[in-house]
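The structure appears right after this line, and notes come after that.
The values are calculated or read from the model by the stated rules, or taken from the named source; none is laboratory data. What you see is a predicted model, and the numbers here were worked out from it, not measured in a lab. Note: ideal-geometry Cβ built from the backbone for every residue, glycine included; neighbour counts use all protein chains shown.
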């Protein structure tokens, strides 16, 4: 099992924002690092968590964290790394009053 931060409760409490971020990642994958073309944005949260955060994550796209540090912001962290390949990122989003999201900035990026 992946031993990262458990973001599940935050995602459940902020499901609309979380899904909107996933949709942004998928729609803009050419401009966001390490995003798979078949990113699942519509399954239930349990399935998304299992698919992208549980089990052996070596060399597989993995959502490692989702936070809402402020009312109008959210961050998502993910990686797709194996020995000497891949990398990961943390992206920050602005959350609008209607829970739509707008990409704000790349907070961090690492590459192997």
Can you pull out every residue in segment 44-56 that is surrounded by 12 or more Cβ atoms within 10 Å (Cβ to Cβ) and either touching a strand residue (DSSP E or B) at 6+ places or on another chain (Cβ under 8 Å) or under 21 Å from residue 101 (Cα atoms) (or both)? 45, 48, 49, 52, 53
I'd like to know if segment 62-78 contains one or more residues that are under 15 Å from the mean Cα position of the chain (by Cα), farther than 20 Å from residue 11 by Cβ and in a strand (DSSP E or B). no
Filtered residues of segment 83-112 (kept if over 26 Å from residue 46 (Cβ atoms) and over 16 Å from the mean Cα position of the chain (by Cα)): 83, 84, 85, 96, 97, 111, 112
Among residues of segment 82-102, those that are surrounded by 12 or more Cβ atoms within 10 Å (Cβ to Cβ) and in contact with a strand residue (DSSP E or B) (Cβ under 6 Å, 6 or more places away or on another chain), counted: 11
If you take the residues in segment 79-112 that are at pLDDT 95 or above and assigned to a loop (DSSP other than H, G, I, E, B), which one is nearest to residue 21 (Cα to Cα)? 100
Condition test on residue 49, is it assigned to a helix (DSSP H, G or I), free of Cβ contacts under 8 Å to residues at least 60 places away in the same chain and in contact with a helix residue (DSSP H, G or I) (Cβ under 7 Å, 6 or more places away or on another chain)? yes
Given the condition assigned to a helix (DSSP H, G or I), touching a helix residue (DSSP H, G or I) at 6+ places or on another chain (Cβ under 8 Å), surrounded by fewer than 18 Cβ atoms within 10 Å (Cβ to Cβ) and free of Cβ contacts under 8 Å to residues at least 40 places away in the same chain, answer yes or no: does some residue in segment 34-43 qualify? no
